[in-house]
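Data block below; observations after.
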Amino acid sequence: QVQLVESGGGLVQPGGSLRLSCAASGSIFSIGAMGWYRQTPGKQRDLVARITSSSRITYADSVKGRFTISRDNAKNTVYLQMNSLKPEDTAVYYCTVDVSLRRYWGQGTQVTVSS
């Protein structure tokens, strides 16, 4: 089993920044892709950013130029640096980690952008 622990969410004013972290632990031999999704009430969970084991990165169009995903393989951790936050970025953010062809999800962390 793999456990994911997320941190870094919270309340921030428009234009502000937050950094999310997600640390994986447990039965891990090697980690494949890592990523972040977000979800608002009544809507589907959408991809925000994804980084493969070879550091190939994909961003949702809505966050390009504002968010940066990175990973620290030694710490089995993925990060999401979020800058120039907008009210429409408000959501629950979930990290994902692919291990042995299975995708694991974090518990979610709330990000609220409001003045």
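The values are calculated or read from the model by the stated rules, or taken from the named source; none is laboratory data. These figures come from a predicted structure and were not determined experimentally. Note that each Cβ is placed from the backbone with ideal geometry, even for glycine, and that neighbours are counted across all protein chains shown. When the accessible area is computed, the model is the full protein with side chains, heavy atoms only, and any ligands, DNA or RNA have been set aside. Shrake-Rupley method; radii C 1.70, N 1.55, O 1.52, S 1.80 Å.
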At 0.36 nm per residue, and after removing the present C-alpha to C-alpha distance, how many nm does the segment from Leu101 to Thr40 gain when stretched out fully? 19.2 nm
Share of carbon and sulfur in the accessible heavy-atom surface of the chain [1.4 Å probe, %]: 47
Please give the length that would be gained between Gln81 and Leu47 if that part of the chain were fully extended, namely 0.36 nm times their separation in residues minus their C-alpha to C-alpha distance (nm, one decimal). 10.7 nm
All other residues with a Cβ under 11 Å from the Cβ of Gly108 taken together, and with Lys, Arg as +1 and Asp, Glu as -1, what is their net charge? +1
Within 13 Å, Cβ to Cβ, of Gly35, how many net charges do the neighbouring residues add up to if Lys/Arg are +1 and Asp/Glu are -1? +3
Given springs between every Cα pair under 10 Å in a Gaussian network model of the chain, which of Ala24, Ala74, Ala49 has the largest fluctuation? Ala74
The correct ranking of Arg71, Arg56 by accessible area at 1.4 Å, largest first, is Arg56, Arg71
Take each of the peptides 92-98, 63-69, average the number of other beta-carbon atoms within 10 Å over its residues, and list them starting from the highest. 92-98, 63-69
Tell me the net charge near Gly9. Cut-off is 12 Å between Cβ atoms, Gly9 excluded, with +1 for each Lys or Arg and -1 for each Asp or Glu. 0
Would you list which lysines come within 30 Å of Lys43, measuring only between C-alpha atoms, while excluding same-chain residues fewer than 8 positions from it? Lys64, Lys86
Per residue, how large is the accessible surface of the chain? Use a 1.4 angstrom probe and give square angstrom. 54
Length gained if Ser30 through Asn73 is fully extended, taking 0.36 nm per residue and subtracting the Cα-Cα distance, is 14.6 nm
Once normalised by the length of the chain, the mean sequence separation of its alpha carbon contacts under 8 Å that are 6 or more apart gives a contact order in percent of 37
